[in-house]
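A.B. asks: For reference, the structure I am asking about is given below.
The values are calculated or read from the model by the stated rules, or taken from the named source; none is laboratory data. This is a predicted model, so every value here is computed, not measured. Quick reminder, even Gly has a Cβ in these numbers, built from the backbone with ideal geometry, and neighbours come from all protein chains shown.
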Amino acid sequence: MKNAKEVVVEKSLMLIAFSAIFMLFLIAVFIFKEGSPLIFKIGLKNFILSAKWSPLEGQFGILAMIIGSLWITAGALVIGVPLGLGCAILLSEFLPRGITAFLKPTIELLAGIPSVVYGFIGVVVLVPFIRERFGGPGLSVLAGSIILGIMILPTIISISIDALQAVPRSYREGSLALGATQWQTISMVTLKAARSGILASIILGMGRAVGETMAVIMVAGNAVKIPNSIFNPARTLTTNIALEMGFATGDHRAALFATGVVLFVIIMILNILANYAFGKRK
């Protein structure tokens, strides 16, 4: 039988858990309540598939921002996934456990650095480098992709290491006993066994990139147009909200909340996919 203290602790933890879920529910209701009327007013097709964003003229098309978000997120994954996965393989498969135990928390500390610091470094170092080497304004899709690619590394590395270390040692020993080299064992056995966890890390890293705001504001250029090159400036969904919410009113304000609705749906889909991948690993 549970004593009174255990019951109190259990009920308290349950209340805290449900309160967090309830707060998330309230946030979702508020965002949809504020943004849905504008979507119904102008039509979902006109809102998502139009690239004309001119609030003063009553035009609220976010296609340019959607494509800008896709460009920068895809670029961040191209940079972050190979680096993150390579680092995870090195730490979990080649380095001694003691070094891995020290380096893994150190890498995870990178996630605690404020995004404005990454953005400042990008403005001071990366943007001038791109401008001098490749031309253009420097504030571009490429700059945003590089900064986000670095910012998602802790997520990808940490979860991938956990996934790789969760693979039973017998899998590796069986492969080596059959004559496979260490790299063949890693590529053909370990990575395949850990693929669901690695996929989850990539999806969560993608969600981190999609939702980032401050660093992207500082380095991406924020031009409301569809980029046709990685050296062109772009505006993402998050930066559009951050830049204009301070002075938006009426339908303009509702359109920014509608943009939040789109972002909310995207992030929820990514989290569902990540949870599904984690579930498959188990």
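A.B. asks: Would you pick out the residues in segment 26-51 that are closer than 16 Å to residue 253 by Cα and either among the β-branched types (Val, Ile, Thr) or in a loop (DSSP other than H, G, I, E, B) (or both)?
C.D. replies: If the condition is that a residue be closer than 16 Å to residue 253 by Cα and either among the β-branched types (Val, Ile, Thr) or in a loop (DSSP other than H, G, I, E, B) (or both), then 31, 39, 42 are the ones that fit.
A.B. asks: Give the residues of segment 257-274 that are farther than 14 Å from residue 27 by Cβ and without any contact (Cβ under 8 Å) to a residue 24 or more places away in the chain, sorted by residue number.
C.D. replies: If we filter segment 257-274 for residues that are farther than 14 Å from residue 27 by Cβ, which is where we start, we get 258-259, 262, 266, 269-274.
Residues satisfying the conditions are 269, 272.
A.B. asks: Still on this model: Among the residues of segment 134-169, count how many are hydroxyl-bearing (Ser, Thr, Tyr) and modelled with pLDDT under 90.
C.D. replies: Of the residues in that region, 0 qualify.
A.B. asks: Working only within segment 52-82, note down all residues that are in contact with a helix residue (DSSP H, G or I) (Cβ under 8 Å, 6 or more places away or on another chain) and not in a helix (DSSP H, G or I).
C.D. replies: Across segment 52-82, the qualifying residues are 53, 58, 60, 61, 62.
A.B. asks: Looking at segment 217-241, which of its residues are crowded, with 16+ Cβ neighbours inside 10 Å and over 17 Å from residue 63 (Cβ atoms)?
C.D. replies: Result: 217, 218, 219, 221, 230, 231.
A.B. asks: Kindly establish whether residue 270 is at pLDDT 85 or above and in a helix (DSSP H, G or I).
C.D. replies: Spelling it out, it is not the case that residue 270 is at pLDDT 85 or above and in a helix (DSSP H, G or I).
A.B. asks: Could you look through segment 1-25, keep only residues that are of a type outside the set (A, V, I, L, M, F, W, C) and either under 21 Å from residue 65 (Cβ atoms) or part of a helix (DSSP H, G or I) (or both), and pick out the one that is farthest from the chain's Cα centre (by Cα)?
C.D. replies: Among those residues, the one meeting the criterion is 5.
A.B. asks: For segment 130-142, which residues satisfy the criterion of being touching a strand residue (DSSP E or B) at 6+ places or on another chain (Cβ under 8 Å) and part of a helix (DSSP H, G or I)? Explain how you work it out, then say what you get.
C.D. replies: The initial filter retains those residues of segment 130-142 that are touching a strand residue (DSSP E or B) at 6+ places or on another chain (Cβ under 8 Å), namely 137, 139-141.
Hit for segment 130-142 is 141, nothing else.
A.B. asks: Checking the condition free of Cβ contacts under 8 Å to residues at least 60 places away in the same chain, at negative phi, part of a helix (DSSP H, G or I) and under 24 Å from the mean Cα position of the chain (by Cα), which residue from 117, 127 passes? Outline the logic, then answer.
C.D. replies: On the way: 127 fails: free of Cβ contacts under 8 Å to residues at least 60 places away in the same chain.
Answer to the selection: 117.
A.B. asks: Quick one: would you say residue 91 is under 18 Å from the mean Cα position of the chain (by Cα), of a type in the set (A, V, I, L, M, F, W, C) and either farther than 30 Å from residue 153 by Cα or outside any strand (DSSP E or B) (or both)?
C.D. replies: So residue 91 fails the test.
A.B. asks: Every residue in segment 48-63 that is out of contact with any Ser or Thr (no Cβ under 9 Å at 6 or more places or on another chain), surrounded by 14 or more Cβ atoms within 10 Å (Cβ to Cβ) and in contact (Cβ under 8 Å) with a residue 24 or more places away in the chain, please.
C.D. replies: The answer is 48, 51, 53, 55.
A.B. asks: Which of the helices (runs of 4 or more DSSP H) contained wholly in segment 162-231 include at least 3 residues that are more than 18 Å from residue 74 (Cα to Cα)?
C.D. replies: 169-177, 182-185, 195-211
A.B. asks: Still on this structure: Yes or no: residue 61 modelled with pLDDT under 95, over 27 Å from residue 166 (Cα atoms) and not β-branched (Val, Ile, Thr)? Steps first, please.
C.D. replies: Values: modelled with pLDDT under 95: yes; over 27 Å from residue 166 (Cα atoms): yes; not β-branched (Val, Ile, Thr): yes.
Criteria met by residue 61.
A.B. asks: Here's a follow-up. Which residues, counting only those in segment 67-114, are in contact (Cβ under 8 Å) with a residue 40 or more places away in the chain, among the small types (Gly, Ala, Ser) and surrounded by fewer than 16 Cβ atoms within 10 Å (Cβ to Cβ)?
C.D. replies: Scanning segment 67-114 gives 74, 111.
A.B. asks: Which one of these does residue 203 not meet: (1) without any contact (Cβ under 8 Å) to a residue 60 or more places away in the chain; (2) within 26 Å of residue 142 (Cβ to Cβ); (3) in contact with a helix residue (DSSP H, G or I) (Cβ under 7 Å, 6 or more places away or on another chain)?
C.D. replies: Among (1) without any contact (Cβ under 8 Å) to a residue 60 or more places away in the chain; (2) within 26 Å of residue 142 (Cβ to Cβ); (3) in contact with a helix residue (DSSP H, G or I) (Cβ under 7 Å, 6 or more places away or on another chain), residue 203 violates only (1).
A.B. asks: While we're looking at this one, here's another question. Please go through segment 235-258 and pick out each residue that is more than 14 Å from residue 220 (Cβ to Cβ) and not in a helix (DSSP H, G or I).
C.D. replies: Across segment 235-258, the qualifying residues are 245, 246, 247, 248, 249.
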